[in-house]
Amino acid sequence: MTIRELLTCLPFSLCFFVTAAFSQIKNDNLRPDVLHYKVNLEPDVKENYIRGDVTIDFLLNTNRSEVVFDAGALQIEKVIGESVLSYTREGQKLIVSLADRVKNENEIQIFYTGKSSRGFIIPAPGQAHTVYFTSDWMVCNDTPNDKAEFEIELLIPSDKICVASGTFVKKESKGEKTLHTWSQDYETPAYTYGFVIGDFQVFEETYREVTLKYYAKDHTSVELEKIFSETRDMMKFFEERSGVAYIQNSYSQILIGNHYQEMSGFAVLKESYGNLVLRDSTETNLISHELAHQWWGNLITCESWNHFWLHEGMATFMSAAYNEYRFGKEKYSADINSYYTVYKDIRGKGKDKPLVFNNWLHPTKEDRNIVYFKGAYVLHMLREELGEQKFWNGIKFFSQKYFRKSVNTLDFQKSMEESSGQTLDKFFNQWVYGK
């Protein structure tokens, strides 16, 4: 499988997630500002079933009598809270009616059940993982600019291994099951939350104060060490380019199922991907792509999906930039040429669009490839426009300024202009806002 073939398959399922999430965003004035989620979940990997509850602390103006959350295909059993009057369902939304209140701070607890779905995957017997559709396994606010702290308790069979978003806190024996607690004390959007359950071989190493763990069912620990051998160097590279240290005390990578996705503190990668890296140790684009999202995406997050290229174009470009740093200019050029080839095909079909979309309601295959591959190619051209020092100084300035914040494309443009001292209206009008 070539890099182009490998990366071209990446956008489809992820952007399907974004389509569904965006299509749910109605009645924005009823959306909360979530401060913290605490999830208690008991997944049954044999019966493809979950039972859980989530306590949501949020802010909502006191003149609002309703609040809207995303609930996917979950079955709501009850909603309780000091101000809760009643609740209804409207499609995939949960609408909670609230009593008159004297403060903006609110807390509600939602009890629910669900089955294996788009967001809760059973890829093989004894395994489970989440992907993309967070609201299919916990009630939440799916909008990307609503970042919150996150805590999860997972009650699973004691013979299974568990990985989840945040920092591992503890595990407690509960008869034949074990309760695993993870906590994240900084804010990220709901789509970055997740967990993995299964029987795995594990390899563990460290990078500075960060514990790195690699998991797979059908690879030995020796093979896992080889597959993910670039991880420490990648982390160092992204820290240097962003000017921001990796924020968590652990990072895990799990080969499982048939998806690729970054989540807060870990990434899932297609189970068969490990064999590709074992055959060619330079085929690490997806490892670096998902790791790059720990900066550009998870913590520097687009304020709406219309600016999605700031996640995917940046991560795709950064995977090529790492290849240049690690394997040389020829490898970087091959990546950029493959991105340009995808983009040229889109233009040849007359389906080119600006990188900033008017909406992301029904993205086509070409739309998905635009945000990944045109986005990466435009960043390459911006690098050539500004030169090495100004470009990378601009990336660092932007990353430091907006770390743990939500951004739009104009924020990126202004950051690059302020850092470089150059006006970039012509470049952005042609390549980012135009087509």
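Listed values, structure above:
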quantity	calculated
Apportionment of accessible area to carbon and sulfur, the chain, percent (1.4 Å)	45 percent
Length-normalised contact order for the chain - Cα pairs under 8 Å, 6+ apart - percent	13 percent
Globularity ratio of the chain, using Cα Rg and 2.2 N^0.38 Å	0.97
Debye intensity ratio I(q)/I(0), log10, region 289-427, q values 0.15, 0.21 Å⁻¹ (C-alpha model)	-0.73, -1.44
Cβ-derived FRET efficiency at R0 22 Å, Thr55 paired with Lys103, nearest 0.05	0.80
Cα shape, region 255-365, gyration tensor, a/c 1.5 rule	oblate
For region 259-376: relative contact order, % (alpha-carbon pairs under 8 angstrom, 6 or more apart)	26 percent
J(HN,Hα) series, region 418-426, from Karplus relation 6.51 cos²θ - 1.76 cosθ + 1.60, nearest Hz, glycine and proline x	4, 5, 8, x, 10, 7, 10, 4, 4
Kirkwood Rh, Cα atoms: Rg over Rh of region 191-305	0.94
Sequence-separation-based contact order of region 199-293, relative, with Cα cut under 8 Å and 6+ spacing, percent	25 percent
Sequence-distant lysines (8 or more away, or on other chains) whose Cα lies within less than 24 Å of Lys401	Lys147, Lys236, Lys390, Lys414, Lys426
Distant-in-sequence amide H partners of Glu66 (H built 1.01 Å from N, under 5 Å)	Leu98
Per residue accessible area of the chain, 1.4 Å probe, in Å²	39 Å²
Solvent-accessible surface ranking, highest first, for Thr62, Thr284, Thr206 at 1.4 angstrom	Thr206, Thr62, Thr284
Per-residue [θ]222 nm for the chain (sum of -39500 (n - 2.57) over DSSP H runs n ≥ 4, rounded to 500)	-10000 deg cm²/dmol
Label-point separation in nm, Lys405 to Glu172, each point 7 Å along Cα→Cβ	4.0 nm
Theoretical gain in end-to-end length, Glu82 to Asn337 [0.36 nm per residue, Cα-Cα removed]	86.0 nm
For Ala267, distant residues with modelled amide H under 5 Å away	Ser252, Gln253, Ile254
In order through region 78-85: 3J(HN,Hα) via Karplus (6.51 cos²θ - 1.76 cosθ + 1.60), integer Hz, x for Gly, Pro	6, 10, 10, x, 4, 9, 6, 9
Note, ³J(HN,Hα) from phi for region 68-74, Karplus 6.51, -1.76, 1.60, rounded to Hz, x at Gly and Pro	10, 10, 8, 10, x, 9, 5
Low-density loop positions, GluC sites (Glu not before Pro), region 197-250 - DSSP coil, at most 12 other Cβ in 10 Å	Glu209
Alpha-carbon centroids, region 329-366 and region 384-420: separation in whole Å	22 Å
For Phe200, residues with placed amide H under 5 Å, excluding near neighbours	Ile161
Förster-model FRET efficiency, 22 Å R0, Glu330 and Arg279, C-beta, rounded to 0.05	0.70
Extension gain, Val222 back to Asp185 (0.36 nm per residue minus Cα-Cα distance, nm)	10.0 nm
Cα-based Kirkwood hydrodynamic radius, region 363-421, one decimal, Å	12.3 Å
Dimensions in Å of region 89-192 - Rg and Dmax from alpha carbons	15.8, 50
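The values are calculated or read from the model by the stated rules, or taken from the named source; none is laboratory data. This is a predicted model, so every value here is computed, not measured. Positions of Cβ are generated from backbone atoms using ideal geometry, with glycine treated the same way; all protein chains shown enter the neighbour counts. Just the protein is used for accessible areas: all its heavy atoms, side chains included, with ligands, DNA and RNA removed. Shrake-Rupley method; radii C 1.70, N 1.55, O 1.52, S 1.80 Å.
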